[in-house]
Protein chains: 2
Amino acid sequence: MTVTVDPISAIAEESAPTTRCRIIATAERSFREIGYQKTTVADIAKTLKMSPANVYRFFDSKKAINEAVVGRLTREVEVLILAIAEAPGLSAADRLSEMITALHRDCLERCEAFPRMHEMVEAAMTESWVVCRHHVDSIVAVFERIIAEGVRRGEFAVEDTRLAAACVHAAVVRYCHPVLVSQCPEAPVPPLDAMIAFLLRGLMPAR
Amino acid sequence: MTVTVDPISAIAEESAPTTRCRIIATAERSFREIGYQKTTVADIAKTLKMSPANVYRFFDSKKAINEAVVGRLTREVEVLILAIAEAPGLSAADRLSEMITALHRDCLERCEAFPRMHEMVEAAMTESWVVCRHHVDSIVAVFERIIAEGVRRGEFAVEDTRLAAACVHAAVVRYCHPVLVSQCPEAPVPPLDAMIAFLLRGLMPAR
């Protein structure tokens, strides 16, 4: 869309980071309370007492707003995982185990606090795969770092650390994906500890 | 609901299995073409040139119809997996590998032929977990049989075959679950062969 920049919007431009953040926060609250499907850009603008055109100056679509909301959420998860990667005094197996457990708990907690989160995540999955890909790549990169550390220490025996990291990540999707965690809480799934032990066996050298 | 049985409906009762099957087939076609969300019991009845009340004589809700449709679909998948379990001359590792590959291919093909299948599956996941649980239990039982066979042959070294089977099943959900397969086709995921090799490593005795 074409936007005419007048002196007033030029002033607004200066406060862009703040306005952007307010739009993201308002959108997230609305996705949480009303759901992604039912939230419109007009609703978000109305809550912020601004015109939809002003929202469109920052985000060219609801999809773009969702990308920012999902991006903020996934960065929070990435920070959590990095903290475990850098915590002192853990073996590689413990680190990997704590990371997977943290991903699972974080997903459970978010799904509980935000029962419509899966709508937002499904929209991101179908419309914004770059955001999804970036998140998966970030987590897999940290897993890889830890697996490589485990190989150096003789804890693990893995030829392709990147592939092993991607396999571990894909193998725990049942425990860490909002759509599966929120929509099928009662479905049969082995305890996470058993799953982690099973995956670590696949990484370890001769038993 | 209360149903008054008159002579005509008593005759209809005799053809119940056929009518039941026709309702299931019509519902499946409608879920496929229009989607689960938009299909109503009235639509199904109209296509079959019968009254909604007659449909309700066989199924007390759209949810019950969906359970029958999903049940038929999952039985087809179970038959496919059983055929691999019983094929002659395969090692346990080959059997498990072929089963996982078959589950993945079947899911891909169905999602392609039936782009709205995930709606139906998500409805089953949230409303009909007994159907989902039954399907997971059936597949895990076959996996367990093959893992136990592998342990007997010395191919695998696993203490709890049931738990190992459940872990393998949960670990491949990314490749075999219609919601993940259909909604995130572009997302990064390791090749299935690499994932199978990784999981088999976790089952095998000392390397």
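The values are calculated or read from the model by the stated rules, or taken from the named source; none is laboratory data. It should be emphasised that the depicted structure is a prediction, and the values quoted were computed from it without experimental measurement. When we count neighbours, we look across all protein chains shown, and the Cβ atoms used for this are built from the backbone with ideal geometry, even at glycine. Note: areas computed on protein heavy atoms with side chains; ligands, DNA, RNA excluded. Shrake-Rupley method; radii C 1.70, N 1.55, O 1.52, S 1.80 Å.
When the range A:130-151 is limited to residues that are small (G, A, S) and touching a residue at least 40 places away in the same chain (Cβ under 8 Å), the one that is surrounded by the fewest Cβ atoms within 10 Å (Cβ to Cβ) turns out to be A:S138. May I ask you to list the residues in the range A:126-145 that are small (G, A, S) and in a helix (DSSP H, G or I)? Scanning the range A:126-145 gives A:S138, A:A141. Is it the case that A:V55 is assigned by TED's automatic domain parsing to the domain that holds A:R32, touching a helix residue (DSSP H, G or I) at 6+ places or on another chain (Cβ under 8 Å), buried (at least 20 other Cβ atoms within 10 Å of the Cβ) and not aromatic (F, W, Y)? Against the criterion (assigned by TED's automatic domain parsing to the domain that holds A:R32, touching a helix residue (DSSP H, G or I) at 6+ places or on another chain (Cβ under 8 Å), buried (at least 20 other Cβ atoms within 10 Å of the Cβ) and not aromatic (F, W, Y)), A:V55 qualifies. Kindly indicate whether B:R110 is of a type in the set (D, E, K, R), surrounded by fewer than 17 Cβ atoms within 10 Å (Cβ to Cβ) and either farther than 21 Å from B:A68 by Cα or away from chain A (no Cβ under 14 Å) (or both). No; evaluated as a whole, the condition is false for this residue.
Just to be sure, is A:F156 within 14 Å of another protein chain (Cβ to nearest Cβ) and outside any helix (DSSP H, G or I)?
yes
Which of the residues belonging to the range A:184-201 are crowded, with 19+ Cβ neighbours inside 10 Å and either facing chain B (nearest Cβ under 9 Å) or hydroxyl-bearing (S, T, Y) (or both)? Once the filter is applied, which keeps residues that are crowded, with 19+ Cβ neighbours inside 10 Å and either facing chain B (nearest Cβ under 9 Å) or hydroxyl-bearing (S, T, Y) (or both), the range A:184-201 yields A:C184, A:V189, A:P190, A:M195, A:F198, A:L199, A:L200.
Can you confirm whether the range A:165-177 contains a residue that is part of a loop (DSSP other than H, G, I, E, B), open to solvent by 20 Å² or more (accessible area, probe 1.4 Å) and at pLDDT below 95? Yes, the range A:165-177 contains a residue that is part of a loop (DSSP other than H, G, I, E, B), open to solvent by 20 Å² or more (accessible area, probe 1.4 Å) and at pLDDT below 95. The helices (runs of 4 or more DSSP H) falling completely within the range A:1-65 that include 3 or more residues that are modelled with pLDDT of 90 or more map to A:16-33, A:41-47, A:52-58.
For the range B:130-141, filtering for residues that are in contact with a Lys or Arg (Cβ under 9 Å, 6 or more places away or on another chain) and among the aliphatic types (A, V, I, L, M) leaves 2.
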